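Structure, as structure tokens:
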Number of protein chains: 2
Amino acid sequence: MGLSERQQRIYEFINRFTREKGRPPTIREIGSHVGISSTSVVNYNLNILAREGLIQREKEVSRGLRIVGAQAKALVGEISFVQIPLLGKIAAGTPIPLPTDEGLMRYDGETLALTRELMPDSEGVFALEVKGNSMIDALINDGDIVVMKKPQAVQNGDMCAVWLKDKNETTLKRVYREHNNRVRLQPMNPTLKPFYADARNIEIQGKVVLVVRQLRKLPA
Amino acid sequence: MGLSERQQRIYEFINRFTREKGRPPTIREIGSHVGISSTSVVNYNLNILAREGLIQREKEVSRGLRIVGAQAKALVGEISFVQIPLLGKIAAGTPIPLPTDEGLMRYDGETLALTRELMPDSEGVFALEVKGNSMIDALINDGDIVVMKKPQAVQNGDMCAVWLKDKNETTLKRVYREHNNRVRLQPMNPTLKPFYADARNIEIQGKVVLVVRQLRKLPA
DNA sequence: TTATACCACGAACACCTGTTCGGTGTCAAG
DNA sequence: CTTGACACCGAACAGGTGTTCGTGGTATAA
């Protein structure tokens, strides 16, 4: 069933008010902002919004209404974010600008905000923008943003940024330690073959935990 | 300056109450749950919490409290974000579960929250989880989350989910309309060759605007 | 016409809510 | 001891707040 224009305005006002003030409005606050003089009319329309399932009401409680649905969580801070420092760029030919713990703490520049749902473990993480398409093997494209974690406890199979000392090159691969100091570097693309290196010849610069790619128009 | 145990309990109660009920508590609600009989005592401690910068108070307004926790930025309002309905899965062999406008409005299930910085245009967008690695060509892996937009204004070069009618298959490619109803489907991986199809033989199901990949451990 | 929803208005009521004030006890500094 | 800061209590007050009730206008259907 459709909503009247008045009901839509009420709904939007509740939404905006709650977001801005951090609490739902009272009946009279709704009325005065939407242009309704009588509290009973507001009450009447609120009941309709509740019947339509757009809001929830709690009886005889001041400000006892809340917006239903996914957006509601947002309004009261039920979604928590992690701010990840955007440290710079990563390219094949240059090592990663490794951050210090101190630097991460005090970082005050650009950040990438992600929900804690996506980043359950945000200790010592930082983000880099990928330059060039040298990491296509790892399913990572030019312009992608990779979120990395400082390489403390790298486990077999972790996706890591590896600095190849002999080639002076950074690459992203899954890392498996094997016997005799040998390390297997497996591209993420499962159709590609692994690559082997000596453990003394590589340096693990970070563990990739997340990749974000924004698609924008490309010059054909 | 440290907080008394009472003040900590008040603070935690406000936090929990707000999250659960969608509105801040009243002074008396705080008192009865924390074990304080007098409203003035609650008021007294609230002023201390406000002085310490842990909450904000608004004078002479019912439920005029809000938390300003350590993640101040991440709380309501300071980070502007959009919630994207997580509609289901996308696989090569099945068409996309296309949402209606109405359905997107009222959606109440799982969502993916992203900052507006990452999603400047959130009209008619929805998210799908990729099943299978049939879209490796498009640099998209099993388990990735793709954010798509309803295909209203598809421009040349847009990355689209295309349903190939003759093959009964969904694929992700960059789409270029060419002369004579011919459409060029270009894999995202620039090392791969394009693919051509008849425009009447394909159906564009959505435009990919963003991809998120969480890296978890893989069974070797 | 009559009936019936639907939508709106204003007023009144009872309770809720933030604020204020006088008073009590404790503890450390003077 | 006296003083003052601190933490707390109970009570009262003025205004806020959800609810209810009587009323009336406007469509649409019988």
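For region B:13-56, filtering for residues that are more than 22 Å from residue A:20 (Cα to Cα), open to solvent by 40 Å² or more (accessible area, probe 1.4 Å) and part of a helix (DSSP H, G or I) leaves 9.
In a residue-by-residue description of region B:57-65, the property of being modelled with pLDDT of 80 or more, open to solvent by 20 Å² or more (accessible area, probe 1.4 Å) and aliphatic (A, V, I, L, M) applies to at least one position. Here is the figure for region B:122-143: residues that are more than 18 Å from residue B:92 (Cα to Cα) and either assigned to a loop (DSSP other than H, G, I, E, B) or not assigned by TED's automatic domain parsing to the domain that holds residue B:98 (or both) total 3.
Consider region A:20-39 and keep the residues that are closer than 24 Å to residue B:26 by Cα and within 10 Å of DNA strand C (Cβ to nearest atom). The one that is farthest from the chain's Cα centre (by Cα) is A:39. If we scan region A:173-186, do we find a residue that is within 14 Å of chain B (Cβ to nearest Cβ) and under 23 Å from the mean Cα position of the chain (by Cα)? Within region A:173-186, one or more residues are within 14 Å of chain B (Cβ to nearest Cβ) and under 23 Å from the mean Cα position of the chain (by Cα). On the given criteria, is residue A:9 part of a loop (DSSP other than H, G, I, E, B) and within 27 Å of residue B:66 (Cβ to Cβ)? Taking the combined requirement at face value, the residue does not satisfy it. Being of a type in the set (A, V, I, L, M), in a strand (DSSP E or B), buried (at least 16 other Cβ atoms within 10 Å of the Cβ) and more than 13 Å from the chain's Cα centre (by Cα): is that true of residue B:146 here? Answer is no for this residue. With respect to (1) in contact (Cβ under 8 Å) with a residue 24 or more places away in the chain; (2) closer than 24 Å to residue A:25 by Cβ, the lone exception for residue B:45 is condition (2).
Candidates in region A:136-188 are the residues that are among the small types (Gly, Ala, Ser) and at positive phi; of these, the one that is modelled with the highest pLDDT is A:143.
The values are calculated or read from the model by the stated rules, or taken from the named source; none is laboratory data. Quick caveat, the model's predicted, so the values are computed rather than measured. Virtual Cβ from ideal backbone geometry, glycine too; neighbours counted across all protein chains shown. Accessible surface is based on the protein model in full, side chains and every heavy atom, while ligands, DNA and RNA are left aside. Shrake-Rupley method; radii C 1.70, N 1.55, O 1.52, S 1.80 Å.
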